[in-house]
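A short worksheet on the structure shown next.
The values are calculated or read from the model by the stated rules, or taken from the named source; none is laboratory data. On a predicted model such as this, the values are computed, not experimentally measured, just so you know. Here the Cβ is made from the backbone with ideal geometry for all residues, glycine too, and neighbour counts use every protein chain on show. These accessible areas exclude ligands, DNA and RNA; they are computed on the full protein's heavy atoms, side chains included. Shrake-Rupley method; radii C 1.70, N 1.55, O 1.52, S 1.80 Å.
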Amino acid sequence: MVKVLCVLYDDPQRSTSTPTARSELPHLSRYPDGQTTPTPSKVDFVPGELLGSVSGKLGLAKFLEGHDFVVTSSKDGPDSVFEQHLPTADVVISQPFWPAYMSTERIAKAKNLKLCITAGIGSDHVDLEAAAKANITVAEVTYCNSISVAEHVVMLILNLVRNFVPSHEIATSGGWHIADCVSRAYDLEGMQVGTVGAGRIGLAVLRRLKPFDTKLHYFDQHRLSAAVEEELNLRYHNSVESLVRICDVVTINCPLHPKTEHLFNKELIASMKPGSYLINTARGKVCEAQAVKEACETGQLAGYAGDVWFPQPAPNDHPWRSMPNNAMTPHVSGTSLSAQARYAAGVREILECFLEGRPIREEYLIVQGGGLAGTGKHSYTEGNTTEGSDEAVHFDKDEALQEGPPVKMQKVVTGGC
Ligand code: NAD
């Protein structure tokens, strides 16, 4: 028997929330580069169910019968359920959307821990250096939501450039103030668009933007093949500084590691083309929060959009919640119901390997055998980026529920979409 400690986000809180809108999902067996989608022996859920919140248990309850399986959303602070169970856990599972931060101190307390699974992509919530020293394996479900995020990035770019959010607010509040809607609205066509990081998400964003007749740029520590550069008519930059000087739209798609922490600071943002748009669905800490806010206020940034913050949940008074020209959401792009089905299956695949003593797929590995491994070796640098994560304890759930805007729900029709 093993002890599996799993942190998931809370179940739906609003009384008007309905479980799901569609009754089925498209079936995918491979990702764009040919990698297979997760291959557990079976799954005990119907793809499309809400699996990422506490009652969904990532669809693992039946599979883990006979083991000690603890599922909680209480993750921050010394009194959390997570901290109570951590010293005896063999496996920790959490999602980047509601991360169980595994700081140096927490890893030191987790004497039995052998495996940290990220149900999603991006394992920066774990002190990877401390995990390596303690010989803990860190694995994630590589590719499970890369396309989910790429779709979201394209949506956010269009959202900002076309000034969607303020126009939507005018419509829902009963107005018809066209000049107010369009005074900041442009076409994306012809704009210079660049990605920092051209891995699975960055490349998928570039591919999706090509039909918009944009001029495409990228910076990555690994150069793409000449064939891909030619196919997408890409311009490669050998530094982030070179890319941001030219681009009207910059999208961040690299992991958070010591070399990307606070990469978009005051100085780099000041060197961007004035009036550019910055889209960050990678990790909040890649940007300096205050520098982004000030740039949105002065107009150096025409807009900032994304779904990632630091820490998570973000403090109720985080400056990005209220700064001008933002199109922010909580961390959601990688946890669509479609993505949940893939990462729940991927977590089960990893657990099956662990319990049966079989190797975990190389591409799922971030840390193993005392150092970076697999995707970790390709996309991260050694070190720790969890510092400050204990601030997540200050988020007040009740304040958020009282002050959040009312959610307008449409009547949901199931089936036959
Ligand atoms: P990936 O490993 O396929 O690609 C990451 C790319 O970033 C690699 O090509 C790597 O070389 C590049 N990179 C690393 N350091 C860099 C640096 N200093 N400068 C430029 N490029 C650098 O991963 P992916 O699937 O594309 O995901 C990327 C990141 O996106 C994840 O690590 C995660 O942080 C984030 N993500 C967010 C969500 C979400 O829900 N918002 C979901 C999935 C992933």
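Points worth noting:
- Scanning region 335-350 for residues that are within 14 Å of the ligand (Cβ to nearest atom) and either of a type in the set (Asp, Glu) or open to solvent by less than 10 Å² (accessible area, probe 1.4 Å) (or both) yields Ala339, Gln340, Tyr343, Gly346.
- The single condition among (1) away from the ligand (no atom under 15 Å from the Cβ); (2) over 30 Å from Ala100 (Cα atoms) that Ala291 does not satisfy is (2).
- Candidates Glu294, Glu241, Glu261: the one that is surrounded by fewer than 16 Cβ atoms within 10 Å (Cβ to Cβ) and either in contact with a helix residue (DSSP H, G or I) (Cβ under 9 Å, 6 or more places away or on another chain) or modelled with pLDDT under 95 (or both) is Glu241.
- Here Gly199 passes the criteria (1) farther than 18 Å from Leu268 by Cβ; (2) open to solvent by 60 Å² or more (accessible area, probe 1.4 Å); (3) within 13 Å of the ligand (Cβ to nearest atom) except the one numbered (2).
- Residue match in region 119-135 (condition: assigned by TED's automatic domain parsing to the domain that holds Tyr364, at positive phi, open to solvent by 30 Å² or more (accessible area, probe 1.4 Å) and of a type outside the set (Ser, Thr, Tyr)): yes
- Among the candidates Asp248, Asp317, residue that is open to solvent by 30 Å² or more (accessible area, probe 1.4 Å), in contact (Cβ under 8 Å) with a residue 40 or more places away in the chain, more than 16 Å from the ligand (Cβ to nearest atom) and assigned by TED's automatic domain parsing to the domain that holds Glu189: Asp248
- Counted residues, region 357-383 - those being outside any helix (DSSP H, G or I), surrounded by fewer than 19 Cβ atoms within 10 Å (Cβ to Cβ) and touching a residue at least 60 places away in the same chain (Cβ under 8 Å): 6
- Scanning region 159-168 turns up one or more residues that are part of a loop (DSSP other than H, G, I, E, B) and either touching a Phe, Trp or Tyr at 6+ places or on another chain (Cβ under 9 Å) or among the hydroxyl-bearing types (Ser, Thr, Tyr) (or both).
- Residue in region 219-238 that is nearest to the ligand (Cβ to nearest atom), counting only those that are open to solvent by less than 70 Å² (accessible area, probe 1.4 Å) and acidic (Asp, Glu): Asp220
- Residues in region 42-63 that are in contact with a strand residue (DSSP E or B) (Cβ under 8 Å, 6 or more places away or on another chain), part of a loop (DSSP other than H, G, I, E, B) and over 13 Å from Leu351 (Cα atoms): Gly52 alone.
- The set of residues in region 205-218 that are closer than 14 Å to Met155 by Cα and surrounded by 23 or more Cβ atoms within 10 Å (Cβ to Cβ) comprises Val205, Leu206, Leu209.
- Of all residues in region 300-314, those that are open to solvent by 10 Å² or more (accessible area, probe 1.4 Å) and over 22 Å from Asp76 (Cβ atoms) total 2.
- All positions within region 32-42 that are out of contact with any Gly (no Cβ under 6 Å at 6 or more places or on another chain) and open to solvent by less than 60 Å² (accessible area, probe 1.4 Å): Gly34, Gln35, Thr36, Thr37, Pro40
- Selection count where residues are among the hydroxyl-bearing types (Ser, Thr, Tyr) and either in a loop (DSSP other than H, G, I, E, B) or away from the ligand (no atom under 14 Å from the Cβ) (or both), scope region 321-334: 2
- Under the condition of being assigned to a loop (DSSP other than H, G, I, E, B), closer than 29 Å to His168 by Cβ and among the polar types (S, T, N, Q), the residues counted in region 185-221 number 1.
- Residue within region 21-31 that is among the hydroxyl-bearing types (Ser, Thr, Tyr), assigned to a loop (DSSP other than H, G, I, E, B) and surrounded by fewer than 17 Cβ atoms within 10 Å (Cβ to Cβ) present: yes
- Selection count where residues are in a strand (DSSP E or B) and either surrounded by 15 or more Cβ atoms within 10 Å (Cβ to Cβ) or within 24 Å of the chain's Cα centre (by Cα) (or both), scope region 64-92: 6
- Residues in region 91-139 that are within 11 Å of the ligand (Cβ to nearest atom) and charged (D, E, K, R): Asp124 only.
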